[in-house]
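Trainee: So that we are looking at the same thing, I have put the structure below in structure tokens.
All of the numbers you see were taken from the coordinates with simple rules; none came from a lab. Please read all numbers here as calculations on a predicted model, not as lab measurements. Glycine gets a Cβ as well: all are built from the backbone with ideal geometry, and neighbour counts include every protein chain shown.
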Amino acid sequence: MLPHEENFSKLPPIDRNRELLKSAREEIYKSVGGVTLPAYIWEPEADKAPPYPKSAIAFFFSSGWDNGQVSQFAPHCVYFAARGMVAIAFDYRVSARHGTSPVEAMADARSAVRWLRLNAVELGINPGKIVGAGGSGGAHIAAAAAMLKEFDEPGEDPMISCAPNSMILFNPVLDTSKKGFGFDRFPNPDIAKRANLLNAIAPGLPPSVIFHGTSDRVVPFDTSFEFARKMKKKKNACELVVYEGQGHGFFNFNVSFDLYQGTLNVMDDFLVTQGFIEPNPEGAMEVP
């Protein structure tokens, strides 16, 4: 347990995450159509910060592009800030609050990664070491920023890459066909087809790790299995971590602390292997 986390640990899970969100610095990363979208930023303390530009990890909360809580990944952000990264939880447009479709959510994720690169000096980050992470629809928009060549916000500079350099995806929406998830949430079938990540796998994609439960009744597990198979066929590094018998959202703190901690440790190992963070000289950290 991190010292400043002691009081948070005694709160119910949802309140705990909201309280953790208050420990972040809030900045507006995008204003569009009268909507302002915040980024919640956690930075490492001086004794945890590396002596070079830091890696960044950008989290996009779980959703079906319809709802969700930006505080969901606040515990993960606190943890990775303590590991020397700049960690950011990005809000993005969803239908319940903004009357939007997955198209706007995808545009927001692309804007978020570009914002990190545009502000890399001010944030003290390495623009070549940005991790895109998320759950469900949030995982889809993080991966879409890396894999798709369209869905930019009009007026943004396409010369600034919106692709994260690595991906961490929890029960991700990867297939937006009728056999997958979310087909009817897109404005029309053609857009759903163009947003289908199973059809967008090509060589040279960022290394990725996927967490998925075999009993997920929301997003079919088979889509992650097929995605990982196709990624490897194209010579992309992609690790699928299978959780037998687990359902949708099993990785959240309020579902199972043991699974939450286990997935966090796998994330840590993955980021060490990819060179985003240094090995922890003190061994495994106690998670928030």
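Trainee: With labels modelled as points extended 7 Å from the Cα through the Cβ direction, what inter-label distance (nm, one decimal) is found for Lys179 paired with Asn280?
Mentor: Those two pseudo-labels are separated by 4.0 nm.
Trainee: Return the subset of Lys54/Lys233; Lys149/Lys230; Lys179/Lys230 for which the Cα-Cα distance in this structure is over 21 Å, preserving the input order. Intermediate results must be reported in sequence, preceding the final value.
Mentor: On the way: Lys54/Lys233 32 Å; Lys149/Lys230 19 Å; Lys179/Lys230 17 Å.
Among Lys54/Lys233; Lys149/Lys230; Lys179/Lys230, the Cα-Cα distance tops 21 Å for Lys54/Lys233.
Trainee: Over the alpha-carbon set of the range 24-154, divide Rg by the Kirkwood Rh and report the Rg/Rh ratio to two decimals. The partial results should precede the final answer.
Mentor: Details: Rg = 14.0 Å, Rh = 14.6 Å.
Result for the range 24-154 is an Rg/Rh of 0.96.
Trainee: Net charge around Pro164, counting only other residues with Cβ within less than 13 Å of its Cβ (Lys, Arg = +1; Asp, Glu = -1)?
Mentor: Residues near Pro164 contribute +4 overall.
Trainee: On to the next question. Once you list every other residue whose beta carbon is under 14 Å from the beta carbon of Met267, what net charge do they have if Lys and Arg are +1 and Asp and Glu are -1?
Mentor: Local net charge: -2.
Trainee: Using a 10 Å cut-off on Cβ atoms, rank the peptides 164-174, 209-219 from the highest mean neighbour count down.
Mentor: 164-174, 209-219
Trainee: Using alpha carbon centroids, what distance separates the range 36-60 and the range 187-233, in Å?
Mentor: Here the two parts' Cα centres lie 28 Å apart.
Trainee: Grab the DSSP H runs of the chain that are 4 residues or longer, score each as -39,500 (n - 2.57), total them, divide by all residues and round the 222 nm result to the nearest 500 deg cm²/dmol.
Mentor: -9000 deg cm²/dmol
Trainee: I would also like to ask the following. Based on the alpha carbons, how large is the Rg to Rh ratio for the range 132-288 when Rh follows Kirkwood?
Mentor: When Rh is taken as the Kirkwood radius, the ratio is 0.98.
Trainee: So how strong a dipole does the range 5-153 carry about its Cα centre when Lys and Arg Cβ are +1 and Asp and Glu Cβ are -1, to the nearest 20 debye?
Mentor: Computed about the Cα centre, the dipole is about 200 debye.
Trainee: Here's another thing I want to ask about it. Subtract the Cα-Cα distance of Asn265 and Asp47 from 0.36 nm times their separation in residues, and report this length gain in nm to one decimal.
Mentor: 76.3 nm
Trainee: Quick one: dipole size for the chain, taken about the Cα centre, charges +1 on Lys/Arg Cβ and -1 on Asp/Glu Cβ, in debye to the nearest 20.
Mentor: It works out to roughly 900 debye.
Trainee: How big is D, in µm² s⁻¹, for the range 201-284 by Stokes-Einstein at 4 °C and 1.567 mPa s if Rh is the Kirkwood radius over C-alpha pairs? Mind showing how you got there, number by number?
Mentor: Working: Rh = 14.0 Å.
Value of D from the Cα-based Kirkwood radius: 92 µm²/s.
Trainee: Return the Rg/Rh ratio of the chain with Cα-based radii and a Kirkwood Rh.
Mentor: 0.93
Trainee: Can you tally the net charge around Pro207? Count Lys and Arg as +1, Asp and Glu as -1, for every other residue whose Cβ sits under 14 Å from the Cβ of Pro207.
Mentor: Local net charge: +2.
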